[in-house]
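Q: I am attaching a structure below and will ask some questions about it afterwards.
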Amino acid sequence: MLKTSLEALPLKRSQIDQAISTLIKCRPSRHPLEESPQGASPFLALPAEIRNMIYWYCLRMDSDRVPCPSKSIDPIASDKSFNLLQTCRQIHTEARSLLEQKAVAYIPVNGGPNIGMVIYQINQELRNVSIDSSLLTTVWALVNFNQVHFHLHTKYAISEREPDSLDPAFDRQLSNLYSRLRQALLIFTAASPKFVNRQRHAIVHFDHHFTTWKARVAHYRYIYTLRHLINIMGHDTNTNWELRYYETSKWDDLWADGKQRRADNWNEIVSLCKPHAGITPKMEIYGDELPEGEDAYGHTRTITPSSAHWPSWPDKAPWRRQI
């Protein structure tokens, strides 16, 4: 049986470049091969600006495009609007190009799906291993979308809870988060140079990682560090980066060091981002009390919601859907 652990298979930039070249040459499409003659379709006779407005409305480009897991915590309805892309070659090309330029691709990052494995599969370095269609779609989005929202997710398991402890025990795959995020960042940044005369925009959202998660993975081993991830981002000068994360003041009554911990997290992140002019850190804070004075530093009350299709803790955060 073929071992397919990417932890044993280093992901190199040359391999990513080769896979990107292959993807560009064989652009996947499911639309009919024939062109629709201009005179045969009243829609194609409309001005391009009007067609783009229709594509925008039908494909709901104002919302993040989120890949959904096979077992989602949120009911998934089939999106029939994407049948538009199968109408004809011209409509497919126009709508897809607009989608890639204007819509935001949401990239859920957890410790499970091995995004980097797809690179080996595209390059045919792994035989007899089928390519996961959802991961291939993720790689395609990393390569082609102008705007990308990376978001860390984790779940917790009561079965792994320590004896006599009421604290949630996180999925052991949480220790792979940095590794998986690194894979996604390497693929994204390798593709950025092809965006000639265009700046990409990327949000890398750590959710509650700095608030609660990282303290609960001390007994696991991180292969990569936050500094390593930020350096990957910073070397991609074709992209405007935002490093965002959640903080809360609602637990300050329980944690006496809440204010100091927030300040320590913020100062560490600012220090790591400072050498890279293209990275802007943003703390998204929620809770009853707005920090003031020395506790204010740089923060916003505007929350970037995580997708409801992917589990994350704490699941009772105000913007997460209550199931």
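Q: Condition (residue is at pLDDT below 75 and under 24 Å from the mean Cα position of the chain (by Cα)) applied to segment 114-130: is it met by at least one residue?
A: yes
Q: Shifting gears a bit: Show the residue pairs meeting these rules: Cβ distance below 6 Å; 6+ apart or different chains; first residue within segment 195-217 and at negative phi; second residue outside any loop (DSSP other than H, G, I, E, B) and aromatic (Phe, Trp, Tyr).
A: Short answer, once both residue conditions are applied: ALA202/TRP241; VAL204/PHE150; PHE206/TYR245; HIS208/TYR246; PHE210/TYR245; ARG216/PHE170.
Q: Just a yes or no: is a residue in segment 143-155 over 11 Å from the mean Cα position of the chain (by Cα), at negative phi and modelled with pLDDT under 85?
A: Of all residues in segment 143-155, those over 11 Å from the mean Cα position of the chain (by Cα) come to 143-146, 154-155.
After this cut, where a residue has to be at negative phi as well, the list is 143-146, 154-155.
Pick out the ones that are also modelled with pLDDT under 85 and you get 154-155.
Checking segment 143-155: at least one residue is over 11 Å from the mean Cα position of the chain (by Cα), at negative phi and modelled with pLDDT under 85.
Q: Moving on to the next point. Please determine whether any residue of segment 163-186 is modelled with pLDDT under 95, over 16 Å from the mean Cα position of the chain (by Cα), part of a helix (DSSP H, G or I) and surrounded by 15 or more Cβ atoms within 10 Å (Cβ to Cβ).
A: Yes, there is a match, as at least one residue in segment 163-186 is modelled with pLDDT under 95, over 16 Å from the mean Cα position of the chain (by Cα), part of a helix (DSSP H, G or I) and surrounded by 15 or more Cβ atoms within 10 Å (Cβ to Cβ).
Q: Condition (residue is more than 19 Å from ALA103 (Cβ to Cβ), at pLDDT 70 or above and assigned to a helix (DSSP H, G or I)) applied to segment 39-48: is it met by at least one residue? It would help to see each step written out before you state the result.
A: Taking segment 39-48 first, the residues more than 19 Å from ALA103 (Cβ to Cβ) are 39-47.
With the extra rule that they be at pLDDT 70 or above, the set shrinks to 41-47.
So of that shortlist, the ones also assigned to a helix (DSSP H, G or I) come out as none.
There is no residue in segment 39-48 that is more than 19 Å from ALA103 (Cβ to Cβ), at pLDDT 70 or above and assigned to a helix (DSSP H, G or I).
Q: Only one residue in LYS274, LYS259 is modelled with pLDDT of 85 or more, over 23 Å from HIS149 (Cβ atoms), over 18 Å from the mean Cα position of the chain (by Cα) and of a type outside the set (Ser, Thr, Tyr), so which one is that?
A: Result of the check over LYS274, LYS259: LYS274.
The values are calculated or read from the model by the stated rules, or taken from the named source; none is laboratory data. This structure is a prediction, so every number in the text was calculated from the model and none was measured. Note: ideal-geometry Cβ built from the backbone for every residue, glycine included; neighbour counts use all protein chains shown.
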